[in-house]
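Below is one structure, written out as structure tokens; comments come after it.
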């Protein structure tokens, strides 16, 4: 596995790794140490291809009025969440500690999901295997426990992961977490964008979720109301010993990395656990 040069576009190689995973190579993940998580590691002789540089000069930052998503015409357009997310509109979401739970708290099965909003592999999971969870959650058979990490800000610079996690927490209070969660990943910035999950862009994404925008939600997103909770969620991620995102457990058993990115393959894993 080739070592990618240090530089602001380190993330380009991540997509290449993800593409390889989707055509049959070992699945990869984003790792808190700047490298691959334990779903796919580099060999011992060298760094992971997704490793962050050991040291790097501070990135030049455009003036606030010119930064992507800072406001006005610079804020990117947002896409609507996938239609499937609408099936979860009436599914309850709650918070306990650093975990957000979606679904009937008394559901017979539990799927634990560890994600970072800036991780491209997490987007692949949300667009692939996670689609197989929509039906079982909507039918009350499964509850999903999300631990939203924010380590990629340290790896890549900026505060996009923290901003997104804060907004996701705010969406629970607004009763729209499943739809907004889907919309956040549907609008994940391109890898060339250093830090596009700004409050302004997250509010634009929220415009695509019916009933989400409001004074309380907007204030929480703009002011970072839940940043203390974001740190709590990151601690939960670390305390659980998770080494990369996405990491998924089905009733306590870790899902195979190569099943996460394809709906049919993940549906088979769910079926093997008695979920259909």
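Just so you know, all these numbers are worked out from the coordinates, no wet-lab data involved. Quick caveat, the model's predicted, so the values are computed rather than measured. Methodologically, a virtual Cβ is constructed for each residue, glycine included, from the backbone with ideal geometry; neighbour enumeration extends over all protein chains shown.
For the peptides 250-256, 180-186, the ranking by mean Cβ contacts within 10 Å, running from highest to lowest, is 180-186, 250-256. For segment 72-272, the relative contact order comes to 32 percent (Cα pairs under 8 Å, sequence separation of at least 6). Counted residue by residue at 0.36 nm each, then reduced by the alpha carbon distance between them, the extension gain from residue 276 to residue 213 reaches 19.3 nm.
So if we plug the beta-carbon distance of residue 254 and residue 33 into 1/(1 + (r/R0)^6) with R0 = 22 Å, what FRET efficiency do we get, rounded to 0.05? FRET efficiency, residue 254 to residue 33: 0.70. Taking the number of Cβ atoms within 10 Å of each Cβ as an exposure proxy, the fewest-first ranking of 101, 225 is 225, 101. Compactness of segment 180-276 was expressed as the Cα radius of gyration divided by 2.2 N^0.38 Å, which yields 1.35.
In this simple spin-label model, placing a label point 7 Å from the Cα along the Cα-to-Cβ direction at both residue 239 and residue 265 gives a separation of 3.3 nm.
Ordering 118, 143, 131 by the number of other Cβ atoms within 10 Å of each residue's own Cβ, fewest first, gives 131, 143, 118. Remark on segment 72-272: hydrodynamic radius 16.7 angstrom, per the Kirkwood mean of 1/r across alpha carbon pairs.
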